[in-house]
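Below is one structure, written out as structure tokens, with a few remarks after it.
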Amino acid sequence: MIKKLITLLTISLIILACSSSSDEDSGGEMPDNNFDRTALLSNIADNIIIPAFQDLQTEISILDVARGNFINDMSQSNLDALSTAWLNAYKTWQHVEMFNLGEAENLGGGAFGFVSFFNIYPVTVADIENGAATGNYDLNTPNYHDAQGFPALDFLIHGVVTGDTNPIDKFTTNTNADGYVTYITNVIAQIQTLNNRILNNWENTYRDTFVGDTSNGLNSSLNKLVNDFIFYYEKGFRANKFGIPAGNFSNETLPEKVEAFYKQDISKELAIEGLQAIENLFNGRAYGSNATGESFKTYLEFLERDDIVTSINDQLAIVRTEINNLDDNFYQQIMSDNIQMTTTYDVIQTVVPLLKIDMAQAFNVTIDFVDADGD
């Protein structure tokens, strides 16, 4: 009898071990529970992602009208109006940058997907100048990822080209003035076309695909959404806006790598928009509204991990305070007091393990990217 019990116990342990191994091998699958993932995905698609892309399309259209007005009358006031339209569109962009899903992911920009066509900075001025001089450029090629989008418009509207004195000179007195007019027209047409493709994809087919995929696997909608969210927090927000220009990943400060380098005084404004987008997604807050729905927050609460929710929201509030203490102009902040900039980076970094370890483990999500900048 004892031998039989030992044999039975041994078999049970083997089965348990094999079962555990199998679960680990399939790692990354979310817990199979009764949480309503359809409600979460619907809220995020219908009330956050699609309205933000719709608003961006509206702002880009306004930007294009301002471009047309400027070309018809190249006055400083019309250039200023073009700058305002660019800023409004750029602020809206901060609310879609993390959603590298559907057509956005298919646009062929490598790991950065559609971001490659909208917001790679610092911009390569030499490529723009060469393009304006020769007309020989293709914005669809990877070589021009760093010479288009909002950073390229920043240079064209606010920057001064070689040999000129003022930003407006490149469109009026410069030898290649016609080339610059064509270049800015092509850059705006590019972001308008690409955003329209992404929006049409969401509105016509991808929304239902996204919401309908409530599976637990690595390529499920929720898994990809969580990964995109954390990737944006680490790379697009933490590293690009703060860490890289402050010198956290180099032996020296790199203030010329701040976002919107040529406008400069809007660094903090763009960063706050990015932070707002992060808080909105985590808490399920609708774009342009205070209404909330199912979200990462409510999923964690369902899993009885209110402690993670509290920690993330409390720390994000501290991040906001730190950012608000910075100069509006991050270039100036780095030049005058980079310690405050790196201190802000450190505060931002404290949220990374909360998202990347605590939240991801609670969801049983496998992080599918490597942070090249280091943690």
The stretch 78-202: percent of C-alpha pairs farther apart than 19 Å? 46
In the stretch 279-320, whose amide N lies under 19 Å from the spot 7 Å out along Cα-to-Cβ of Asn33? List them in ranges. 282-284, 293-313
Students often get this wrong, so check it: of Lys91/Lys268; Lys170/Lys241; Lys170/Lys263; Lys241/Lys263; Lys235/Lys356; Lys241/Lys268, which have C-alpha atoms separated by over 20 Å? Lys170/Lys241
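Strictly greater than 15 Å: what percent of every Cα pair in the stretch 158-252 meets that? Write down the numbers at each step before the final one.
Working: 3448 of 4465 pairs.
Tail fraction, whole percent: 77.
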Once the mean of 1/r over all distinct C-alpha pairs in the stretch 222-326 is inverted, the Kirkwood radius in Å reads 15.1
Output the DSSP H helices from the chain with an along-axis C-alpha extent of no less than 30 Å and a mean Kyte-Doolittle hydropathy no less than 0.5. 2-25
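Expressed in nm to one decimal, what extension gain is obtained for the pair Ser250 and Thr350 from 0.36 nm per residue of sequence separation less their Cα-Cα distance? Before the final figure, lay out each step's value.
Numbers: separation 100, 0.36 × 100 = 36.00 nm, distance 2.02 nm.
Residue separation times 0.36 nm, minus the Cα-Cα distance, leaves 34.0 nm.
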Projected label distance in nm at Leu218 and Thr182, using a 7 Å step from Cα toward the beta-carbon: 4.6
Chain lengthening between Asn313 and Thr141 when straightened (0.36 nm per residue, less Cα-Cα): 57.9 nm
Sorted by packing (mean other beta-carbon atoms within 10 Å per residue), highest first, where do 159-168, 310-319 land? 310-319, 159-168
Per residue accessible area of the stretch 199-268, 1.4 Å probe, in Å²: 36
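What is the mean projected area of the alpha carbon convex hull for the chain, to one decimal in square nanometres?
About 22.4 nm², averaged over all directions.
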Kindly rank 119-126, 200-207 from highest to lowest mean number of other beta carbons found within 10 Å of each residue. 119-126, 200-207
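Go through the stretch 270-375 and name the GluC sites (Glu not before Pro) that are in a DSSP coil and have 13 or fewer other Cβ atoms within 10 Å of their Cβ. Before the final figure, lay out the partial values.
Working: sites: Glu273, Glu279, Glu294, Glu301, Glu304, Glu322; in loops: Glu294, Glu304.
The qualifying sites are Glu304.
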For Asp265 paired with Ala126, estimate the spin-label separation in nm (one decimal), with each label point 7 Å from Cα along the Cα-to-Cβ line. 3.2
Debye log10 I(q)/I(0) for the stretch 255-303, one point scatterer per Cα, at q = 0.19, 0.29 Å⁻¹: -0.67, -1.00
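Give me the extension gain from Ser75 to Ala133: residue separation times 0.36 nm, minus the current Cα-Cα distance, reported in nm with one decimal. Please report the intermediate quantities before stating the final value.
On the way: separation 58, 0.36 × 58 = 20.88 nm, distance 2.25 nm.
Stretched fully, the Ser75-Ala133 segment lengthens by 18.6 nm.
The values are calculated or read from the model by the stated rules, or taken from the named source; none is laboratory data. What you see is a predicted model; the values in this text were computed from it and never measured. Glycine also receives a Cβ, built like all others from the backbone with ideal geometry; neighbour counts cover every protein chain displayed. SASA here: full protein model, heavy atoms, side chains in, ligands and nucleic acids out. Shrake-Rupley method; radii C 1.70, N 1.55, O 1.52, S 1.80 Å.
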